[in-house]
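For reference, the structure discussed in these notes is given below.
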Amino acid sequence: MSEAKWYVVHTYSGYENKVKANIDKTIENRHLEDQILEVRVPLEDVVEMKNGVEKISQKKLFPGYVLLHMIMNDDTWYVVRNTRGVTGFVGPGSKPVPLTEAEMAGLGIKRDHIEVDYEVGDMIRVIGGAWADTVGVVRALNIPKQSLTINVELFGRETPVEISFADVKKV
């Protein structure tokens, strides 16, 4: 199997988040989690002054573009290319060109290999984010996305929640 690389997709202006949501849903429906690893709309923090008050907001780094970490094959190309809002891959003609290591370094996206000491069945405590102070059992690990899934009780039901490695601690 070939290696996953980062590709850039051109979208209609203002549709970046909608395209990301549509691709994420298609990945889930077609079980392509092992081929399309990550969909990202790069954002940057911008400090604005309004009425003498500093306000931090997030702006799109590249309006009209979405980054995809994926293994390029006929299926993944077809799925992404035929997503509503996508106008095409960046590259000559219909041949997508992956980003180079130098280009990725400039975006701040690291290709570090992460060693994880979590396993399915481990008890963890969430230390950050919306689910802070929640305790749960690891149900699934997603190493490329650097996240894990735990079940939490929500409205009297067990609900799976995906949480970043940075926001959890082993109990």
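The values are calculated or read from the model by the stated rules, or taken from the named source; none is laboratory data. The structure displayed is predicted, hence computed values, not measured ones. All Cβ positions, even for glycine, are placed from backbone atoms using ideal geometry, and neighbour counts span all protein chains on display. In case anyone asks, the SASA skips ligands and DNA or RNA and just uses the protein heavy atoms, side chains included. Shrake-Rupley method; radii C 1.70, N 1.55, O 1.52, S 1.80 Å.
A few remarks follow.
- Any chance E3 is loosely packed, with under 11 Cβ neighbours inside 10 Å and in contact (Cβ under 8 Å) with a residue 40 or more places away in the chain: yes
- Among the residues of the stretch 1-25, the ones that are hydroxyl-bearing (S, T, Y) and within 17 Å of P96 (Cβ to Cβ) come to 3 in all.
- Checked against (1) touching a Ser or Thr at 6+ places or on another chain (Cβ under 9 Å); (2) within 21 Å of I143 (Cβ to Cβ); (3) loosely packed, with under 12 Cβ neighbours inside 10 Å, E28 meets all criteria but (1).
- Which listed residue is of a type outside the set (S, T, Y) and at pLDDT 85 or above, from I114, I143, I109, I124: I124
- Residues that are surrounded by 12 or more Cβ atoms within 10 Å (Cβ to Cβ) and of a type in the set (A, V, I, L, M) were ranked within the stretch 155-171; the one that is nearest to D122 (Cα to Cα) is V168.
- Selection status of V47, farther than 24 Å from E162 by Cβ, touching a strand residue (DSSP E or B) at 6+ places or on another chain (Cβ under 6 Å) and hydrophobic (A, V, I, L, M, F, W, C): yes
- Selected residue (criterion: nearest to the chain's Cα centre (by Cα)) from residues of the stretch 1-50 that are more than 20 Å from F89 (Cα to Cα), assigned to a strand (DSSP E or B) and charged (D, E, K, R): E44
- Residues of the stretch 139-154 that are over 23 Å from D34 (Cβ atoms) and either surrounded by 13 or more Cβ atoms within 10 Å (Cβ to Cβ) or under 15 Å from the mean Cα position of the chain (by Cα) (or both): V152 alone.
- Annotation: G136 fulfils all but one of (1) of a type outside the set (A, V, I, L, M, F, W, C); (2) open to solvent by 40 Å² or more (accessible area, probe 1.4 Å); (3) in contact (Cβ under 8 Å) with a residue 12 or more places away in the chain; the unmet one is (2).
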